[in-house]
Amino acid sequence: MTDFINTLKNFFGDTLFIVLNGVITLVIGFFVVKLIRYIIKKILNRLPINTTIATFLNSILSAIIYLLYILIVLGAFNIATDGIVALVGSVGVAIGLALKDSLSNIANGIMLVTMKPFNVGDFVEVNGTSGTVVAIHMISTVLQTTDNKLITIPNNEVLSNNIINYNAMTTRRLDIVVSVAYNSDIELVKNTVKEIIAKDKRIFKDPDPVFELDKLNDSSLDFTLRVWLKASDYHPVRFSLNETIIKTFNEKNIEIPYNQLDIRVRKD
């Protein structure tokens, strides 16, 4: 092999040999890079990891491979690469500092798709913002609110706050406060609400629904209603119960209280 290279040098001359060597390295290296990228992609697709992580890792490894490929080709053309390596290192440090927050968001994005506190399609609440998860990107998470607005939240903010996932469990407990006037018949109120609950097939019978007097408020008797149901039925049942209760109370002359203030005037 050494004799063959020396023969080429003598035939073409040093300069032409360097150019020929560089061109051969450039062409062969191009196909080698494509082969390595193909192998890496196949390996990542077979690993039990999220598609987003696989795509992200593939992008990083591809960038590293192309960088090495460029350095090898430059070396084949007899171009000094020490300065280039130092420059790339300096640029990398500068970019890392400039993109510190973005890189942190990317790291948190990887944690989100790995830990899976929620999935696309779940209804969640993050730092007081509620909505359906539309997309989980490497830098941000996108929520669609109930009034059809898209909200983009940085992944740093997502993981640094409490996450409430309303779809994580298949069942939920619905709590409703029902207030009546002090002169109301307590037994009539309790029986009326229990009849309403019994007629709604969406409400579970096990665990047993609870409807008890909870608080003696300033102007009202406050009852607490607690029922279990499917998570998907939460809002429909809440709306339905509120409407049915007020209509039935009106039919049975059960008074819904208003804030009242008793004023006593004393004559000295």
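The values are calculated or read from the model by the stated rules, or taken from the named source; none is laboratory data. All values derive from a computational prediction rather than experimental measurement. Here Cβ is always computed from backbone atoms with ideal geometry, including for glycine, and neighbour counts include all displayed protein chains. The accessibility values were calculated without ligands, DNA or RNA, using every heavy atom of the protein model including side chains. Shrake-Rupley method; radii C 1.70, N 1.55, O 1.52, S 1.80 Å.
Can you confirm whether the stretch 241-256 contains a residue that is in a strand (DSSP E or B) and closer than 23 Å to Glu187 by Cβ?
no
When the residues of the stretch 155-186 are filtered to those that are in a helix (DSSP H, G or I) and either within 39 Å of the chain's Cα centre (by Cα) or modelled with pLDDT of 95 or more (or both), which remaining residue is nearest to Ile139 (Cα to Cα)?
Step by step, filter the stretch 155-186, then rank; the result is Asn155.
Name the pairs: first residue in the stretch 204-229 and farther than 14 Å from Ile176 by Cα, second residue among the β-branched types (Val, Ile, Thr) and surrounded by 19 or more Cβ atoms within 10 Å (Cβ to Cβ), Cβ to Cβ under 8 Å, at least 6 apart or on different chains?
These pairs meet every condition: Phe204/Val227; Ser220/Val180.
Looking at Ile64, Ile53, Ile40, which one is under 30 Å from Met115 (Cβ atoms), assigned to a helix (DSSP H, G or I), modelled with pLDDT of 80 or more and open to solvent by less than 70 Å² (accessible area, probe 1.4 Å)?
Ile40
In the stretch 131-162, how many residues are touching a residue at least 24 places away in the same chain (Cβ under 8 Å) and open to solvent by 40 Å² or more (accessible area, probe 1.4 Å)?
Count: 8.
Inspect all residues belonging to the stretch 104-116 and state whether any of them is in a helix (DSSP H, G or I), in contact with a helix residue (DSSP H, G or I) (Cβ under 6 Å, 6 or more places away or on another chain) and either among the small types (Gly, Ala, Ser) or more than 14 Å from Leu159 (Cβ to Cβ) (or both).
Yes.
If you take the residues in the stretch 193-225 that are touching a Ser or Thr at 6+ places or on another chain (Cβ under 6 Å) and either of a type in the set (A, V, I, L, M) or surrounded by 19 or more Cβ atoms within 10 Å (Cβ to Cβ) (or both), which one is farthest from Arg172 (Cα to Cα)?
Filtering first and then ranking leaves Ser220.
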